[in-house]
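For reference, the structure discussed in these notes is given below.
No lab work stands behind these numbers, since they all come straight from the coordinates. Bear in mind the structure is a predicted one, so any value in this text is a computation, not a measurement. Glycine gets a Cβ as well: all are built from the backbone with ideal geometry, and neighbour counts include every protein chain shown.
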Amino acid sequence: GVFEVSGYDRLILMSDGGINIAPTLKQKVDIVNNVVNVAHSLGISVPRVAVLSSVEQVRLDIGSTVTVDAAVLTKMNALGQIEGAVVDGPISLDNALSSASARMKGVQSPVVGRADIFLVHDIEAGNVFGKGLLYFAGARWAAIVAGASAPVVMTSRADSHDDRLLSMALAVVLTGFQGKE
């Protein structure tokens, strides 16, 4: 999903909120690579990826692999296994959006307050994140399936005509970027 929020100084890219129910670490690597390609096609040369969690540290007691996966993705980026972006996580949403929040919490990262891409850990988190932007922040959005062999527009039954049109436009932009006819 690509969101435009009035008053926010950049587009917000979010993945994966609609296809992978509970992605594995390997799937998350593919998801990051796909959304980074989308960011590049939209002119974001080195996107900052926030791998979202409720905390900023690896926590084994939370009962899931969210923070561990985030740390692995960050390390893979540092080792050059994920290229074309700056990846950091685990990172909470407030710190990804606000440098002031990060300062108050003592969180340091090249992503804090400057995230372009928000990687959610499952379809539930993505749905809440996306619908929150749409309904609370009045965002406009476009949604596609990235990484498919042909453009796939992904809209909700409740999407407006304009959001559906934006999704089709995004698919056209990505098709042109990938050199397909």
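Residue by residue through segment 75-92, what is 3J(HN,Hα) from phi via Karplus (6.51 cos²θ - 1.76 cosθ + 1.60, θ = phi - 60°)? Round to whole Hz and write x for glycine and proline.
With coefficients 6.51, -1.76 and 1.60, one gets 5, 4, 5, 4, 8, x, 7, 10, 10, x, 7, 10, 10, 9, x, x, 9, 7 Hz.
So what's the back-of-envelope 222 nm ellipticity for the chain, counting only DSSP H runs of four-plus at -39500 (n - 2.57) apiece and dividing by all residues, rounded to 500? Before the final figure, lay out each step's value.
On the way: 6 runs with 73 residues, N = 181.
Value at 222 nm, helices only: -12500 deg cm²/dmol.
Considering only the other residues whose Cβ falls under 10 Å of the Cβ of Ile21, what net charge follows from Lys and Arg at +1 and Asp and Glu at -1?
Details: positive: none; negative: Asp16, Asp122, Glu124.
Taking every other residue near Ile21 into account, the sum is -3.
Among His40, His121, His161, whose mean-square fluctuation peaks in a Gaussian network model of the chain (Cα, cutoff 10 Å)?
Between His40, His121, His161, it is His161 that shows the largest mean-square fluctuation.
Specify whether the C-alpha gyration tensor of the chain places it in the rounded, prolate or oblate class, a ≥ b ≥ c being the square roots of the eigenvalues: rounded for a/c under 1.5, otherwise prolate if a/b is larger than b/c and oblate if not. Could you put the intermediate results ahead of the total?
On the way: a/c = 1.59, a/b = 1.37, b/c = 1.16.
Judged from the Cα gyration tensor, the chain comes out prolate (a/c at least 1.5, a/b above b/c).
Using DSSP to call loops (not H, G, I, E or B), can you name the trypsin sites (Lys or Arg not before Pro) in segment 8-40 whose Cβ has at most 16 other Cβ atoms within 10 angstrom?
Working: sites: Arg10, Lys26, Lys28; in loops: Arg10.
Qualifying residues, ordered by number: Arg10.
What is the sum of charges, Lys and Arg at +1 and Asp and Glu at -1, for the other residues whose Cβ falls under 13 Å from the Cβ of Gly84? Intermediate values should be presented prior to the final figure.
Working: positive: Arg48; negative: Glu83, Asp116.
My count for the surroundings of Gly84 gives -1.
What does the charge count near Arg164 come to, summing +1 for each Lys or Arg and -1 for each Asp or Glu among other residues with Cβ under 12 Å from its Cβ? Can you show the working numbers first?
Numbers: positive: Arg140, Arg157; negative: Asp159, Asp162, Asp163.
Once all neighbours under 12 Å are counted, the net charge is -1.
With the Cα gyration tensor of segment 94-181 giving a ≥ b ≥ c as the square roots of its eigenvalues, does the rule (a/c under 1.5 for rounded; else a/b larger than b/c for prolate; else oblate) give rounded, prolate or oblate?
prolate
Through the Karplus equation 6.51 cos²θ - 1.76 cosθ + 1.60, θ set to phi - 60°, convert the phi angles of segment 157-166 into ³J(HN,Hα) values in whole Hz; use x for Gly and Pro.
4, 8, 5, 6, 4, 4, 5, 5, 5, 4
In segment 34-181, what percentage of the DSSP-assigned beta bridges are antiparallel, given to the nearest 5? It would help to have the intermediate numbers written out before the result.
Numbers: 2 of 9 bridges.
Bridges in segment 34-181 that DSSP calls antiparallel: roughly 20 percent.
Count the lysine pairs in the chain whose Cα atoms sit under 28 Å apart, keeping only pairs 8 or more residues apart in sequence or on different chains.
Pairs that pass both the separation and distance tests number 9.
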